[in-house]
1. Are any residues in the range 43-54 surrounded by 10 or more Cβ atoms within 10 Å (Cβ to Cβ), without any contact (Cβ under 8 Å) to a residue 24 or more places away in the chain and touching a strand residue (DSSP E or B) at 6+ places or on another chain (Cβ under 6 Å), and if so, which ones?
2. Going by the structure shown, is residue 63 in contact with a strand residue (DSSP E or B) (Cβ under 9 Å, 6 or more places away or on another chain) and part of a helix (DSSP H, G or I)?
3. Considering only residues that are within 28 Å of residue 56 (Cα to Cα) and surrounded by fewer than 15 Cβ atoms within 10 Å (Cβ to Cβ), which ones fall in the range 1-23?
4. Just to be sure I understand, how many residues within the range 13-40 are out of contact with any helix residue (DSSP H, G or I) (no Cβ under 6 Å at 6 or more places or on another chain) and within 24 Å of residue 2 (Cβ to Cβ)?
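What follows is calculated from the coordinates using simple rules that are stated; it is not laboratory data. Keep in mind that this is a model prediction, so the values were computed, not measured. No Cβ is skipped: glycine too gets one built from the backbone with ideal geometry, and neighbour counts run over all protein chains shown.
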């Protein structure tokens, strides 16, 4: 798996936390006290985030990175 930059990491966690807070089902079993950001972090650690990253390079090349 290609390593995510810290900016991609933050964007993935925030986007997934928003989805979870709006009612999307979680891919991991959350505890009662977990906030949406905690659940999103657990999903990312376990490689269960259903999102992708598209990297665009200055040369015009693009790269699709599956996070899950």
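1. 52 - this is the single residue of the range 43-54 that is surrounded by 10 or more Cβ atoms within 10 Å (Cβ to Cβ), without any contact (Cβ under 8 Å) to a residue 24 or more places away in the chain and touching a strand residue (DSSP E or B) at 6+ places or on another chain (Cβ under 6 Å).
2. Numbers: in contact with a strand residue (DSSP E or B) (Cβ under 9 Å, 6 or more places away or on another chain): yes; part of a helix (DSSP H, G or I): no.
For residue 63, the condition - in contact with a strand residue (DSSP E or B) (Cβ under 9 Å, 6 or more places away or on another chain) and part of a helix (DSSP H, G or I) - is not met.
3. Restricting attention to the range 1-23, the residues satisfying the condition of being within 28 Å of residue 56 (Cα to Cα) are 1-20.
Once the filter is applied, which keeps residues that are within 28 Å of residue 56 (Cα to Cα) and surrounded by fewer than 15 Cβ atoms within 10 Å (Cβ to Cβ), the range 1-23 yields 1, 2, 3, 5, 6, 7, 10, 11, 14, 15, 18.
4. If we filter the range 13-40 for residues that are out of contact with any helix residue (DSSP H, G or I) (no Cβ under 6 Å at 6 or more places or on another chain), which is where we start, we get 14-15, 18-19, 22-25, 29, 31-35, 38.
Pick out the ones that are also within 24 Å of residue 2 (Cβ to Cβ) and you get 14-15, 18-19.
Result for the range 13-40: 4.
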